[in-house]
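The values are calculated or read from the model by the stated rules, or taken from the named source; none is laboratory data. This structure is a prediction, so every number in the text was calculated from the model and none was measured. Quick reminder, even Gly has a Cβ in these numbers, built from the backbone with ideal geometry, and neighbours come from all protein chains shown. SASA here: full protein model, heavy atoms, side chains in, ligands and nucleic acids out. Shrake-Rupley method; radii C 1.70, N 1.55, O 1.52, S 1.80 Å.
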Amino acid sequence: MNGLIDTIKRATLMPRNDSMLHFSQHLNHNRHTVLYYHYGYPGIVSEAWMNTLPLLQGNAIHAEIHRIMDNVYGIDYYPEVSMFPEDEFFQYSWTGTADAFINDGDESWLIDYKTISGAGITFLQKPRLEHVMQVSCYYHFSGWEYKPDNVGILYLPVSADYKRRWHEPQLYTVEPMEYDTLVNHIRSVESDISIYQSTCLLPAWPDGEYKWKQNKRNKEYELHYKPHYSSMFCPWRYQEDDDPCGCSKQKPMLIGKVDYDMNVIDGEKETVLAYVEQIQETVE
């Protein structure tokens, strides 16, 4: 059984190349979406177990929650509800799978389950925007005659935080984004796909984050740039010279410094001064 571990990893990490655009994957990184649509995701590369386990956990947790809820008396539970919206605004084929629709007495719910690290839930103050956008698409494009009364995102921690504390799951009730807002956003994704088809021009990757750090020893503030978190999970990050995306090659950078009087002492003056007003908001 020497291949047992590799078999588990391969099945867990197998990319979904079905030529469809998915609300869960393709709304928040147009560069990745364009490359996926035209070429598909690259083949499986053996990952470390620490990178495989979260996916395996997520799949297992979803399946177990469905099993539990399907046996709860008095509610109607509809898991894994697939949708293939036929909308005159869409140029390409979109799809999605809502985790669950629930009818509980006089209330109806659309629920999406999200596993999250202990560290992640520690700093979670509201549902992540990409998750709100995802469930909003499920809400508007499900094709159901009657919309659910409530939309919720349930975050399920799968590890302890930095202080070895285990947090309880958090259920957020969210207000779905407006239909027109979603349609316009989807149009922008589709536009980038079409532009690449005719010009081979890729959209830019998502902007990273600029943050100030205080250096008390030198009595100065340092402006740092951190790439967007998605760069760590670029599907093409292992392709080295054949990487068509390149977002994973970004590195954190020290942009510049100011003294306590806000005088620029390092870095390009114009760039550093553009972020000076954010010092009190973002300083660490």
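Some observations on this one:
- Of the criteria (1) surrounded by 16 or more Cβ atoms within 10 Å (Cβ to Cβ); (2) under 30 Å from Ser46 (Cα atoms); (3) in contact (Cβ under 8 Å) with a residue 40 or more places away in the chain; (4) of a type outside the set (Ser, Thr, Tyr), which one Ile255 fails: (2)
- Set His22, His62, His26, His32: member being closer than 22 Å to His131 by Cα and in contact with a helix residue (DSSP H, G or I) (Cβ under 6 Å, 6 or more places away or on another chain): His26
- Annotation: Asn71 fulfils all but one of (1) closer than 29 Å to Ser188 by Cα; (2) open to solvent by 30 Å² or more (accessible area, probe 1.4 Å); (3) more than 17 Å from the chain's Cα centre (by Cα); the unmet one is (1).
- Subset tally (residues that are more than 26 Å from Leu21 (Cβ to Cβ), modelled with pLDDT under 90 and among the aliphatic types (A, V, I, L, M)) for segment 39-65: 2
Rundown of residues vs (1) within 30 Å of Pro85 (Cβ to Cβ); (2) touching a Ser or Thr at 6+ places or on another chain (Cβ under 9 Å); (3) touching a residue at least 40 places away in the same chain (Cβ under 8 Å), yes/no style:
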residue	(1), (2), (3)
Met177	yes, yes, yes
Ser191	yes, no, no
Lys211	no, yes, yes
Met232	no, yes, no
Pro244	yes, no, yes
Glu270	no, no, no
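- Among the residues making up segment 24-46, those that are of a type outside the set (Val, Ile, Thr) and loosely packed, with under 15 Cβ neighbours inside 10 Å are His38, Tyr39, Gly40, Gly43, Ser46.
- Subset of segment 193-209 that is touching a residue at least 24 places away in the same chain (Cβ under 8 Å) and in contact with a strand residue (DSSP E or B) (Cβ under 9 Å, 6 or more places away or on another chain) - its residue that is most open to solvent (accessible area, probe 1.4 Å): Gly208
- Filter result (open to solvent by 50 Å² or more (accessible area, probe 1.4 Å) and not in a loop (DSSP other than H, G, I, E, B)) within segment 225-247: Lys226, Tyr229, Met232, Phe233, Glu240, Asp241, Asp242
- Some residue of segment 56-78 being charged (D, E, K, R), part of a loop (DSSP other than H, G, I, E, B) and touching a residue at least 12 places away in the same chain (Cβ under 8 Å): no
- Filtered by the rule that a residue be surrounded by 16 or more Cβ atoms within 10 Å (Cβ to Cβ) and either in contact with a strand residue (DSSP E or B) (Cβ under 9 Å, 6 or more places away or on another chain) or on the phi > 0 side of the Ramachandran plot (or both), segment 123-136 gives Leu124, Pro127, Arg128, His131, Val132, Gln134, Val135, Ser136.
- Only residues that are modelled with pLDDT of 85 or more, in a helix (DSSP H, G or I) and open to solvent by less than 50 Å² (accessible area, probe 1.4 Å) were counted across segment 265-280, and they come to 2.
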